[in-house]
1. Name the residues in region 44-81 that are under 14 Å from Cys32 (Cα atoms) and not in a strand (DSSP E or B), would you?
2. Condition (residue is loosely packed, with under 13 Cβ neighbours inside 10 Å, of a type outside the set (A, V, I, L, M) and more than 22 Å from Glu118 (Cα to Cα)) applied to region 27-49: is it met by at least one residue?
3. If only one of Val38, Val106, Val78 is in contact (Cβ under 8 Å) with a residue 60 or more places away in the chain, closer than 18 Å to Lys14 by Cα and in contact with a Gly (Cβ under 8 Å, 6 or more places away or on another chain), which one is it?
4. Count, please, the residues in region 78-121 that happen to be at positive phi and in contact with a helix residue (DSSP H, G or I) (Cβ under 9 Å, 6 or more places away or on another chain).
5. Taking the residues in region 98-127 that are among the charged types (D, E, K, R), surrounded by 13 or more Cβ atoms within 10 Å (Cβ to Cβ) and in a helix (DSSP H, G or I) as candidates, determine which candidate is farthest from the chain's Cα centre (by Cα).
6. For region 115-123, state whether one or more residues are under 20 Å from Leu10 (Cα atoms), touching a Cys at 6+ places or on another chain (Cβ under 9 Å) and not charged (D, E, K, R).
7. Could you tell me which residue of region 55-97 is nearest to Tyr28 (Cα to Cα), considering only residues that are buried (at least 18 other Cβ atoms within 10 Å of the Cβ) and aliphatic (A, V, I, L, M)?
8. For region 13-35, name all the residues that are free of Cβ contacts under 8 Å to residues at least 40 places away in the same chain and within 20 Å of Ile129 (Cβ to Cβ).
Amino acid sequence: MSLDRTANMLSSIKNAAMAKKQVVEIFYSKECESIAKVLEKKGFLSEVKVFKPADKSYKMLHLELYVDQDGNYSVTDVKRISKPGRRVYKPAKEIHPIAAGFGTVVVSTSRGIFSGEEARKRKLGGEVICEVR
């Protein structure tokens with residue numbers, strides 16, 4: 001497990017989808033919760049919960065991946081774009097659709113964390129966190 005909690009969350013989601021697991025539990029951070037909420041709105045996750053394990057002093061995130069009737073997972077690929085060693089920033093005009101609209105990009109703006117579509121609508125640029133397909 002790395003010190004980059006966002007990368008850890010994204011790789012856990014991707015690995016769970018590849019292993020056909022429907023539930024992932026990771027350590028809590030506000031940024032991870034915000035990213036998970038965006039992925040829930042876009043249909044990649046079906047449920048996001050914050051909970052505190054019994055007799056523990058820390059919180060965790062419970063993420064349920066979305067699975068359709070045929071057993072196909074909506075997450076096929078997750079890619080971390082902006083990394084701790086190399087941050088990537090884009091203005092609103094340069095945030096383009098991913099996979100012909102079937103994927104999404106997650107952007108951290110001055111007003112919060114949004115999907116690429118929402119950031120373009122609000123004319124907000126920012127740090128490109130990840131791409132999800």
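1. Listed by number, the list holds a single entry, Lys59.
2. Yes.
3. On inspection, the qualifying residue turns out to be Val106.
4. 2
5. Arg120
6. No: region 115-123 contains no residue that is under 20 Å from Leu10 (Cα atoms), touching a Cys at 6+ places or on another chain (Cβ under 9 Å) and not charged (D, E, K, R).
7. Leu61
8. Asn15, Ile26, Phe27, Tyr28, Ser29, Lys30, Cys32, Glu33
Read-outs throughout are calculated quantities, based only on the coordinates presented, and are distinct from any laboratory measurement. Source: prediction; values computed, not measured. For neighbour counting, all protein chains shown are included, and Cβ atoms are generated from backbone atoms with ideal geometry for every residue, glycine included.
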